[in-house]
Amino acid sequence: MKLLLDGGNSRIKWLWWDTQTWETPGILVHGGRTDPDLPDRLHAALEQRLPEAVWVVEVLGEDFRHTCHTLCQQRGWPAPRFLVPDPAPHGICSDYLEPARLGVDRYAAMVGARALGYDAAVIVDCGTAVTLDLLMPEGRHHGGLILPGLGLMRRSLGQAPGVAGAIGGRDDQVAALCTADAVASGTLQGLAAAITHLGQRLLAQATTSPVPPVKLLTGGDATCLYPLLDHHWVMEPHLVFRGLAHMADHH
Ligand SMILES: Nc1ncnc2c1ncn2[C@@H]1O[C@H](COP(=O)(O)OP(=O)(O)OP(=O)(O)O)[C@@H](O)[C@H]1O
Ligand SMILES: CC(C)(CO)[C@@H](O)C(=O)NCCC(=O)O
Ligand SMILES: [K+]
């Protein structure tokens, strides 16, 4: 079994990968890269199995990488391997002005898309941040977009005094008649509209692709956004893990 670990901005997810089954990932909600309890809580949450390798994709930075190293050392596990932006191990070449700045979770999702047989794709990862990426044939990344995610939108709106406390409203109203519904619906419907529109704009840039890119949806909020999108969108809940697993199996 290999341990695949995805360190995101508000949740750490992990999965024990044996090249066949996709279990439900473990999830740890945390308070961000400076959360002092993160190392202890991760230690308590991770199962005491012996992995043959530990592969990590993370956007949290040096402290989290240190936490992973320490944890593996304490348990007598193999040292963690971290996904890096270098195209050699994963075959994705980004047109980003500084490819090393593109989030490694975005690289992992693109590797995952290719591993699943999608040569060209618009990939939308609905996490703390929502990222949209245009993957072209031969592993070419043509760029993308970053938006605040659903939780972030709602939390930041909640800081406005007139909105604070207006939580748990209905999210299916488009002329909402109270603050809670206006916030719940505005953020969810707004994000869905943004994904629809921007996904289309990215697709329109894929003129040189011999096959039309498929539209892929992943991330923690994918399940609540999926029903609001047209039927051409494909849900791939494990896209980042798929990419990480591919690298773990082919490095
Ligand atoms: N139990 C939960 N606790 C917190 N967030 C949850 C929970 N269930 C679903 N979510 C949603 O999942 C989203 C986070 O998704 P995900 O785990 O993919 O993000 P992340 O990897 O932490 O962030 P990023 O990809 O931007 O680094 C939040 O916006 C939240 O709305
Ligand atoms: C955008 C996030 C936060 C999404 O997890 C991550 O991919 C990241 O930190 N990226 C670095 C910036 C960029 O991709 O342009
Ligand atoms: K992520």
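The values are calculated or read from the model by the stated rules, or taken from the named source; none is laboratory data. Model, not experiment: these values are computed from the prediction. Cβ placement follows ideal geometry from the backbone for every residue including glycine, while neighbour counts extend to all protein chains displayed. Just so you know, the surface numbers come from the protein's heavy atoms only, side chains and all, with ligands and any DNA or RNA stripped out. Shrake-Rupley method; radii C 1.70, N 1.55, O 1.52, S 1.80 Å.
Brief remarks follow.
- Hits in the stretch 1-28 - residues which are among the charged types (D, E, K, R) and either closer than 17 Å to Leu71 by Cα or within 14 Å of ligand 3 (Cβ to nearest atom) (or both): Lys2, Asp6, Arg11, Lys13
- Residue match in the stretch 133-143 (condition: closer than 27 Å to Thr34 by Cβ, in the same structural domain as Ala222 (by TED's automatic domain parsing) and open to solvent by 40 Å² or more (accessible area, probe 1.4 Å)): no
- Looking across the stretch 29-81, the residues that are open to solvent by 80 Å² or more (accessible area, probe 1.4 Å) and either within 16 Å of ligand 3 (Cβ to nearest atom) or under 26 Å from Tyr107 (Cα atoms) (or both) come down to Val29, Arg33, Thr34, Glu52, Glu62, Asp63, His66, His69, Arg81.
- Taking the criterion of being more than 10 Å from ligand 2 (Cβ to nearest atom), touching a strand residue (DSSP E or B) at 6+ places or on another chain (Cβ under 7 Å) and assigned to a helix (DSSP H, G or I), the residues of the stretch 54-111 that qualify are Phe64, Arg65, Cys68, His69, Cys72, Pro87, Met110.
- Helices (runs of 4 or more DSSP H) completely within the stretch 155-251 that count 1 or more residues being exposed (fewer than 14 other Cβ atoms within 10 Å of the Cβ) and of a type in the set (Gly, Ala, Ser): 179-203
- Scanning the stretch 125-136 turns up no residue that is more than 10 Å from ligand 2 (Cβ to nearest atom), of a type in the set (Val, Ile, Thr) and either within 15 Å of the chain's Cα centre (by Cα) or in a strand (DSSP E or B) (or both).
- Some residue of the stretch 92-109 being outside the structural domain of Trp233 (by TED's automatic domain parsing), open to solvent by less than 70 Å² (accessible area, probe 1.4 Å), touching a Leu at 6+ places or on another chain (Cβ under 7 Å) and under 19 Å from Tyr226 (Cα atoms): yes
- The residues of the stretch 1-30 that are part of a strand (DSSP E or B) and within 11 Å of ligand 1 (Cβ to nearest atom), listed by number, are Asp6, Gly7, Arg11, Ile12, Lys13, Ile27, Leu28, Val29.
- Qualifying residue in the stretch 195-212 (condition: modelled with pLDDT of 95 or more, on the phi < 0 side of the Ramachandran plot and in contact with a Phe, Trp or Tyr (Cβ under 7 Å, 6 or more places away or on another chain)): no
- One residue from Arg140, Arg106 being modelled with pLDDT of 95 or more, more than 16 Å from ligand 3 (Cβ to nearest atom) and of a type in the set (Lys, Arg): Arg140
- For the stretch 135-186, a residue qualifies if it is away from ligand 1 (no atom under 16 Å from the Cβ), closer than 30 Å to Thr207 by Cα and among the hydrophobic types (A, V, I, L, M, F, W, C), and the qualifying residues are Leu135, Met136.
- Of residues in the stretch 6-23 being over 11 Å from the mean Cα position of the chain (by Cα) and free of Cβ contacts under 8 Å to residues at least 60 places away in the same chain, the one farthest from Ala45 (Cα to Cα): Gln20
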